[in-house]
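The values are calculated or read from the model by the stated rules, or taken from the named source; none is laboratory data. Keep in mind that this is a model prediction, so the values were computed, not measured. Here the Cβ positions follow ideal geometry from the backbone for every residue, glycine too, while neighbour counts run over all protein chains shown. In case anyone asks, the SASA skips ligands and DNA or RNA and just uses the protein heavy atoms, side chains included. Shrake-Rupley method; radii C 1.70, N 1.55, O 1.52, S 1.80 Å.
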Amino acid sequence: MRITMTGGTGFIGSRVRAALEAGGHEIRLISRRSGPGYFRWPSPDAPFPAASLEGAGAVIHLAGETVAQRWSAEVKRRIRDSRVLGTQRLVEALAAMQERPQVLICASATGYYGDRGEEVLDETSPPGRGFLAETCVEWEKAAVQAEALGVRVVRLRFGMVLGRDGGALKKMLPVFRLCLGGRLGGGQQWMPWIHLDDIVALVQWALAEPEVAGAYNAVAPAPVRNADFTRALEGILGRPAMFAVPAWALRAAMGEAAEIVLSSQRVMPRAALNAGFRFRHAHVADALRALLS
Ligand SMILES: NC(=O)c1ccc[n+]([C@@H]2O[C@H](COP(=O)([O-])OP(=O)(O)OC[C@H]3O[C@@H](n4cnc5c(N)ncnc54)[C@H](OP(=O)(O)O)[C@@H]3O)[C@@H](O)[C@H]2O)c1
């Protein structure tokens, strides 16, 4: 199948793209960068490059300004616009087509749920509050507009994606290897996580199964508290995690973005499990061992 893809140069996207290409799919890559074979989309203010959609059977939309930085007003605008405005531009391009792709697989995040303490969350849970939650709600709302065009829309609410070459784990590893790692805040907050291989498998599943549609929590079925994650990582690395970073210090260092690591989200992948999806990496210690040993 011909697949149009945004965010295909990123941590998740480059892995998804490689797996799909290995499976015989033809990927059309959309990027802000210029490169051989890239369809250039300089900014979400610009129209989506419609030529990239011609003859495509699917769109995978992962582009988004990283949230792992201090959130100035300008950064917040980029985080929001790259997702909400970008998705609106994509749907406008789909609306202008005669023969549309059958499916749009759009990234979202468990940030949708906000900070929810011990509450067990599934796809039927209402959204939370705060900048990330509001951004995710708007992002998903923009993607859902494609349903009225006859496109099957799959919204994948990613938890923290664990892979060696990027994301949160790549940032944590050098710190833990120096024995400077430790739990964040009280350590009791729930952290939804997923192994990158399971993200790839979820995308392949969503492409292949015509009845998969709507919101899916892309998280492993065994969420952990931050303190348990820290213990699992120190055990596998064989380095004691001697430090605990208090919430005030995180807020001082990261500002409002500290909500990413301090919010508690006990998220379950109910919809994927009910539909028969099998996670390869269900337990965090096994997932970390698979990645690091
Ligand atoms: N990694 C995680 O743990 C995680 C967790 C929850 C949700 N997600 C979501 O999953 C998606 C992919 O995540 P990732 O970790 O692979 O991200 P990433 O490595 O930062 O890659 C994101 C891609 O988006 C494009 N991009 C970045 N800033 C942009 C901007 N201001 N405007 C337009 N495009 C921009 C870039 O492509 P070009 O440079 O080629 O244009 C980049 O390759 C994101 O939407 C993210 O919110 C990720």
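Report every pair of residues separated by at least 6 positions or lying on different chains whose Cβ atoms are under 6 Å apart, first residue within the stretch 74-91 and open to solvent by less than 20 Å² (accessible area, probe 1.4 Å) and outside any helix (DSSP H, G or I), second within 11 Å of the ligand (Cβ to nearest atom) and not β-branched (Val, Ile, Thr).
Matching pairs, first to second residue: none at all.
For the stretch 1-34, how many residues meet the condition of being out of contact with any Lys or Arg (no Cβ under 9 Å at 6 or more places or on another chain), open to solvent by 50 Å² or more (accessible area, probe 1.4 Å) and either over 22 Å from residue 170 (Cβ atoms) or modelled with pLDDT under 95 (or both)?
Adding up the residues that qualify gives 5.
Taking residue 85 as the residue in question, decide whether it is more than 17 Å from residue 98 (Cβ to Cβ), more than 8 Å from the ligand (Cβ to nearest atom) and under 21 Å from the mean Cα position of the chain (by Cα). Steps first, answer last, please.
Working: more than 17 Å from residue 98 (Cβ to Cβ): yes; more than 8 Å from the ligand (Cβ to nearest atom): yes; under 21 Å from the mean Cα position of the chain (by Cα): yes.
When the stated conditions are applied, residue 85 passes them.
Specify the residue that is farthest from the chain's Cα centre (by Cα); the eligible residues are those in the stretch 44-63 that are open to solvent by 40 Å² or more (accessible area, probe 1.4 Å) and within 16 Å of the ligand (Cβ to nearest atom). Steps first, please.
Kept after step one, since they are open to solvent by 40 Å² or more (accessible area, probe 1.4 Å), are these residues of the stretch 44-63: 45, 47, 50-51, 54-55.
From what's left, within 16 Å of the ligand (Cβ to nearest atom): 45, 47.
Details: 45: 22, 47: 24 Å.
Checking each candidate, the answer is 47.
Among (1) modelled with pLDDT of 90 or more; (2) more than 14 Å from the ligand (Cβ to nearest atom), there is one condition residue 182 misses while meeting the rest; what is its number?
The number of the failed condition is (1).
Of all residues in the stretch 160-191, count the ones that are touching a strand residue (DSSP E or B) at 6+ places or on another chain (Cβ under 9 Å), under 15 Å from residue 232 (Cβ atoms) and either surrounded by fewer than 15 Cβ atoms within 10 Å (Cβ to Cβ) or not basic (Lys, Arg) (or both).
The total comes to 9.
Regarding the stretch 122-132, can at least one residue be identified that is under 30 Å from residue 54 (Cβ atoms) and hydroxyl-bearing (Ser, Thr, Tyr)? Walk me through it before giving the result.
Looking only at the stretch 122-132, we keep the residues that are under 30 Å from residue 54 (Cβ atoms), and these are none.
No; the residues of the stretch 122-132 include none that is under 30 Å from residue 54 (Cβ atoms) and hydroxyl-bearing (Ser, Thr, Tyr).
Going by the conditions given, is residue 272 under 21 Å from residue 215 (Cα atoms), in a helix (DSSP H, G or I) and under 18 Å from the mean Cα position of the chain (by Cα)?
Working: under 21 Å from residue 215 (Cα atoms): yes; in a helix (DSSP H, G or I): yes; under 18 Å from the mean Cα position of the chain (by Cα): yes.
Yes: the conditions hold for residue 272.
If you scan the stretch 106-161, which residues turn out to be near the ligand (Cβ under 9 Å from one of its atoms) and either part of a loop (DSSP other than H, G, I, E, B) or at pLDDT below 95 (or both)?
Scanning the stretch 106-161 gives a single hit, 159.
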